[in-house]
1. Taking the alpha-carbon centroid of each part, what is the distance from segment 365-388 to segment 152-200 in angstrom?
2. Figure the gain on full extension for residue 513 and residue 85 (residue separation times 0.36 nm, minus the Cα-Cα span) and round it to one decimal in nm.
3. From the square roots a ≥ b ≥ c of the eigenvalues of the alpha-carbon gyration tensor of segment 122-191, which class results: rounded (a/c under 1.5), prolate (a/b over b/c), or oblate?
4. Which of rounded, prolate or oblate describes segment 256-383 when judged by the alpha-carbon gyration tensor and an a/c cut-off of 1.5?
5. In nm, give the distance between the simple-model label positions of residue 697 and residue 366, each being 7 Å from the Cα along the Cα-to-Cβ direction.
6. Evaluated at 25 °C with a viscosity of 0.890 mPa s, what Stokes-Einstein diffusion coefficient in µm²/s does segment 15-204 have when Rh comes from the Kirkwood expression over alpha-carbon pairs?
7. When a/c is below 1.5 the answer is rounded, else prolate if a/b is larger than b/c, else oblate, so apply that to segment 410-488 with a ≥ b ≥ c taken from the square roots of the Cα gyration tensor eigenvalues.
8. For a Förster distance of 30 Å, can you work out the FRET efficiency between the beta-carbons of residue 394 and residue 456, rounded to the nearest 0.05?
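Coordinate-derived values only; no laboratory data. From a predicted model like this one, the values you see are computed outputs, not experimental measurements. Cβ atoms come from the backbone with ideal geometry, glycine included; neighbour counts cover every protein chain shown.
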C-alpha cells in the first residue's frame with residue numbers, strides 16, 4: 001500500500017517524491033538545465049529574427065546571435081553565484097557585444113539606444129542596417145535572453161523564461177508592420193520552442209513533443225483562415241503613422257532650379273550616365289513651395305533601406321530599370337526616372353514619400369553608382385479626361401503680390417473654352433510654348449518680378465522661367481502644381497545615356513485625384529515651338545500627341561470603352577466568400593478536434609490494456625484508474641492515500657487493484673495473465689462507478705479538455 005502513485009499515469013511518482021541522488025542523477029539534472037538554457041537562447045534569437053521585416057539583410061544576425069547566446073552562457077556559469085554577479089557580467093558583455101556592430105567601442109552607445117526607437121519609427125522599411133538602429137535589436141534580445149536565462153536558472157517556472165522573448169517579438173511585429181515578408185514561420189518556431197521548454201521543465205520525455213504537432217497545425221490553419229477576416233488585418237496599426245517626422249529642411253545651399261541657367265552656359269560638362277531600357281526624363285529635385293522669390297522643397301525625407309512608397313497611380317505602368325553612375329553631378333539629390341520603387345547601392349539613402357525624390361547622406365563620389373527601378377504610369381485618354389485636381393491649399397497657394405492678377409488673367413485667356421482640368425493644363429502648356437522663346441542667354445531667376453518681366457517684356461527664357469510660370473498660372477486656376485528639375489535622356493551610346501549639363505530641364509507637374517502627379521512641358525524647343533530640344537523624350541512626345549488630339553476638338557467623354565479581354569463580357573462565376581471559407585474551415589477543425597477527443601482517450605486505454613507482458617498491463621490498469629479518478633496531477637499521493645480517499649464501491653475495487661499493482665511493481669517477474677485480467681476487471685468497475693457519480697456536463701468538459 002505504500003507505493004507512490006504514478007504522476008500522469010507513468011509510474012514515476014516514487015522518483016518525484018524522493019528525487020534520485022548520485023552522479024547519474026546530477027548529470028541528468030545538469031543536462032536538463034543546459035538544454036533549458038539553450039531553448040531560452042533559441043527563443044530569444046527567434047524573437048529577434050522577427051525583426052527581419054525591418055532589417056532584411058544578414059547584418060541582423062550580427063546583432064541577434066551574440067545577444068541571445070551570451071546571457072545563456074553566463075547563466076550556466078553563474079548558477080551557484082549571486083544574481084548581481086551574473087547581471088554585472090551580462091552588462092559588460094552587452095557593451096562588448098556592440099563592438100561587431102560599430103567596429104569599435106563608442107561613447108554614444110547609450111544615446112543611440114535611447115534614440116533608436118524614434119529613428120526606426122521615422123524610417124521607411126526596409127531600414128538600413130546601421131549600427132545606430134541595429135543596437136536596439138541587440139539590446140532587446142540581450143535583455144530577453146538575460147531575464148529568461150536567470151528566470152529559468154533560479155525559479156521552477158515552466159514557460160515564464162520565454163515571456164521576455166514574446167515581448168520582444170511583439171515589438172518586432174509592431175515595428176515591422178509595413179515591411180516586406182511574413183512572420184508566420186517565426187511565430188510557429190516560437191510556439192514549438194516554448195512547447196519544448198514547457199515539456200522539458202515538466203520532466204516530460206522528448207517523445208511528447210511530436211504529439212503537439214497536430215494541435216499546432218490545427219491552430220496554424222485556423223489562424224491562416226481567420227486572420228485575414230479580422231478587421232485589423234486589412235489595415236493593421238502602424239506606429240509610424242503617429243510618429244513625428246522631421247521638419248522640412250533645405251537640402252542644398254543652392255537649389256537645383258538656380259543651377260539651370262549656369263549649367264546651360266557650360267553644356268558639355270559630364271554629370272552622370274544612365275543605363276536604362278528606354279529614354280526618359282531623369283527627375284532630380286521636386287520643388288513645391290514658392291514664396292515669391294524662389295521655389296523650395298517641403299519634402300520630409302525619411303531614411304530607407306531602398307524601398308520607396310508607391311504613389312497614387314495604381315493602373316497600368318511600365319517598369320524601367322536604371323543603373324546610374326556619377327560623373328560630376330553636384331549636390332546630394334539622386335536622379336531617377338518618374339516614380340522610383342526600389343533603390344540599391346546607396347548608403348544613407350533617404351526618400352520623400354510624397355514625391356518619391358531621392359537623397360543621399362553625402363555627395364556621391366565620382367564613379368560611384370546605384371540601381372533604380374521606377375514605375376512609369378500609362379494612363380489612358382479616358383483616365384486623363386475623367387481626372388479631377390486634388391484639393392490641397394498648400395499646392396495652390398500664390399504669394400500675396402500684385403503679380404497674381406497678371407498670372408490669373410493670362411491663365412484664363414490661355415484656357416478659354418477648356419471645360420476639363422486636363423484640357424486646361426494642356427492649353428496652358430501650349431500657350432507658353434507658342435508665345436515665348438527658348439533662349440539660354442535669357443536672364444536667370446524665377447522671382448515674381450523676374451517672371452513678370454519674362455511675360456510682359458522679353459518673352460525669352462529657359463526652362464526655369466517656363467516651368468515656374470506654368471506652375472504659378474496653374475495655381476490661379478485651382479490646379480495644384482509644383483516644379484521639377486531634371487534632365488533629358490542624354491546622348492545614347494551602346495544602351496547608355498550620357499547626361500551632360502546642357503541636358504538640364506525644368507518642367508511642371510499637376511496633381512490629379514487617383515492619377516497622381518502628371519508632367520507638363522511648357523518649354524519650347526530651340527528651333528521653335530514644335531522642336532523639343534536635341535533629344536526628344538518619350539514623355540514629351542506623349543504630351544504633344546494628347547495636346548494635338550485635344551486641340552482638334554476631341555470629345556470630353558470617351559465614345560468607346562476600352563477593349564475587354566476575352567470572356568470579360570460574360571458574367572463571372574461567383575466564387576466562395578471569405579466567410580464561407582472560414583465557416584468550412586472552422587467546421588473542419590471542429591470535426592477534427594471531435595475525432596481527437598474521442599480517439600485519444602480510447603487509444604490510450606486500449607494500448608494500456610494490450611501492453612506487452614502481464615506486468616505492464618497491471619501497471620496500465622493502475623494508471624488508467626488514476627486518470628479516471630482525476631489524480632494525474634497529484635504525484636505526492638501514495639496508493640494507500642488514494643484508497644483512503646475513495647470510500648464505498650470504488651474503495652472495494654481500488655484496494656485489491658492497489659495490492660496487485662504494488663506486488664507487480666516490486667516483483668514484475670511474477671506477473672501472470674490472471675493478475676492482469678483481475679486488475680483490469682477492478683479498473684473497469686472503478687471507471688463505471690466514477691462515471692455514475694459524475695455529472696454529464698463535468699464528464700463532457702473533461703473529455704473536451706482531454707483530461
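1. 42
2. Gain on stretching residue 513 to residue 85: 147.8 nm.
3. oblate
4. Note, shape of segment 256-383 comes out rounded.
5. In this crude label model, residue 697 to residue 366 measures out at 8.8 nm.
6. Stokes-Einstein gives a translational diffusion coefficient of 142 µm²/s.
7. prolate
8. 0.60
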